[in-house]
1. Of the residues in the stretch 340-358, how many are within 16 Å of Trp374 (Cα to Cα), in a strand (DSSP E or B) and either of a type outside the set (S, T, N, Q) or at pLDDT below 85 (or both)?
2. Looking at the structure I just gave you, is Gly101 at positive phi, open to solvent by 20 Å² or more (accessible area, probe 1.4 Å), small (Gly, Ala, Ser) and at pLDDT below 95?
3. Among the residues in the stretch 182-202, are any under 30 Å from Asn236 (Cβ atoms) and hydrophobic (A, V, I, L, M, F, W, C)?
4. Could you list, in sequence order, the residues of the stretch 250-263 that are open to solvent by 30 Å² or more (accessible area, probe 1.4 Å) and out of contact with any helix residue (DSSP H, G or I) (no Cβ under 7 Å at 6 or more places or on another chain)?
5. Kindly establish whether Asp158 is among the acidic types (Asp, Glu), in contact with a Ser or Thr (Cβ under 7 Å, 6 or more places away or on another chain) and touching a residue at least 12 places away in the same chain (Cβ under 8 Å).
6. Counting only residues that are more than 16 Å from Pro223 (Cα to Cα) and crowded, with 17+ Cβ neighbours inside 10 Å, how many does the stretch 171-185 have?
7. When you look at Thr365, is it open to solvent by 40 Å² or more (accessible area, probe 1.4 Å), under 20 Å from Phe421 (Cα atoms) and either modelled with pLDDT of 80 or more or of a type in the set (A, V, I, L, M) (or both), yes or no?
8. Asp240 - would you say it is within 27 Å of Pro304 (Cα to Cα), open to solvent by less than 50 Å² (accessible area, probe 1.4 Å), out of contact with any strand residue (DSSP E or B) (no Cβ under 8 Å at 6 or more places or on another chain) and not small (Gly, Ala, Ser)?
Amino acid sequence: MSLVPIMSTAAAAALGAVLVVSAPASAATTLGAAAAQSGRYFGTAVAAGKLNDQTYVNILNTEFSMVTAENEMKWDATEPNRGQFNYSGGDRVLNQAVGNGKRVRGHALLWHQQEPGWAQRLEGSDLRQAMMNHVTQVTTHYRGKIYAWDVVNEAFADGGSGGRRDSNLQRTGNDWIEAAFRAARAADPAAKLCYNDYNTDSVNAKSTGIYNMVRDFKARGVPIDCVGFQSHLSNNAPSDYQANLQRFADLGVEVQITELDISGSNQANAYGAVTRACMAVRACTGITVWGIRDTDSWRTGENPLLFNGSGAKKAAYTAVLDALNAGGPGPTTTTTTNDPVPGGCTASVSLNQWDGGFVATVEVTAGSTALRGWRVATTLSNGTVTSSWSSNRSGTSGSVTFTNVDYNGAVPAGQSTEFGFQGTGSGSGLTPSCTAT
């Protein structure tokens, strides 16, 4: 934990405001635990080939709560020949993560790069059929095991047009992104579906083009749940970084920082600024750094990560940990003596189960009166909860109770929010009951 200097009242007044800084009574000492205090995750990209490196694995298991397969779930890895699927690398990353109590982001179903050679040679309706089959097959294979998918990656052009990138995928028809999202939802209804891109960290033509697509998708009911901001930065975060995240959040989607790495002499300050921006936007549900040690980075020689080549924590690590421990704002509420008594709520569960494990997604729906908080109780007779998200949990087996976190306690009348948990054994027989608090 870093020490916070105390500013005198006079000094604060000279700056025009009184700044009150209070550290948590017991600050978390790892990135994943610190992020979890506000219901968020902190993850990293993982390469299957490095899972024999003990230093790498020790940092992974200790520090992170979310894992993204760096290359092992991309098209060229999972379908090297048409109709012949190979999940060995992706499964290795997923099994290592799940076995150590972590969740997994899927990356990436469709991308104009890292297409297998056979797909690069296709066009038109033949390519459209192949890519839709690919989305369906891969999401079906991982159904119930993936927290969120980057369904489409980097489909917008750089520069000032704000339009789509020219690619063989785009040339199958302008509706290809929508079609991919609908196919992914049909194959795995529980996974969050994300659009992911780079050079979108500020309000610019490219990010605005994506913003307009997301707004259109939400208006027409196209199933999009989140937008990923890669955030490959140098020295500083854009001054409007938080405002840009917020404008997407205001469309009703989650925002996730998906591939964060920052080079330059101002690295620690920039990492802190990005983390604080996420913490300030309630719909920013997590941060993923693109690699663990500087020597694991794709940005060779730029040293853009939180650990140096030997695995030692850098100043940027401390800046991130302090920002996570400082927390973020809770829901804005005004309480008066004549507030109505909270109405009732209901809870329903969607269960995805396989031999030896399960994922449960629970939907909490407000009754005729808005919720200011909720509690869901259930009984787990034949399984054990290993991890949960978007909730606080009490218990791991038998009687288990979940309560809202700061950003999903306020639910308008008739509307819903959701949380989830993963476990070993069986989740059969779950009958969650909801109480308004």
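1. Going residue by residue through the stretch 340-358, those that are within 16 Å of Trp374 (Cα to Cα) are 340-349.
Remaining after also requiring in a strand (DSSP E or B): 345-349.
Now drop any that are not either of a type outside the set (S, T, N, Q) or at pLDDT below 85 (or both), which leaves 345, 347, 349.
Adding up the residues that qualify gives 3.
2. yes
3. The answer is yes; a qualifying residue exists.
4. Residues satisfying the conditions are Asp250, Glu254.
5. no
6. Number of matching residues: 1.
7. no
8. Details: within 27 Å of Pro304 (Cα to Cα): yes; open to solvent by less than 50 Å² (accessible area, probe 1.4 Å): yes; out of contact with any strand residue (DSSP E or B) (no Cβ under 8 Å at 6 or more places or on another chain): yes; not small (Gly, Ala, Ser): yes.
Here the answer is yes, as Asp240 does meet what is asked.
The values are calculated or read from the model by the stated rules, or taken from the named source; none is laboratory data. No experiment lies behind these values; they were computed from the predicted model shown. Virtual Cβ from ideal backbone geometry, glycine too; neighbours counted across all protein chains shown. When the accessible area is computed, the model is the full protein with side chains, heavy atoms only, and any ligands, DNA or RNA have been set aside. Shrake-Rupley method; radii C 1.70, N 1.55, O 1.52, S 1.80 Å.
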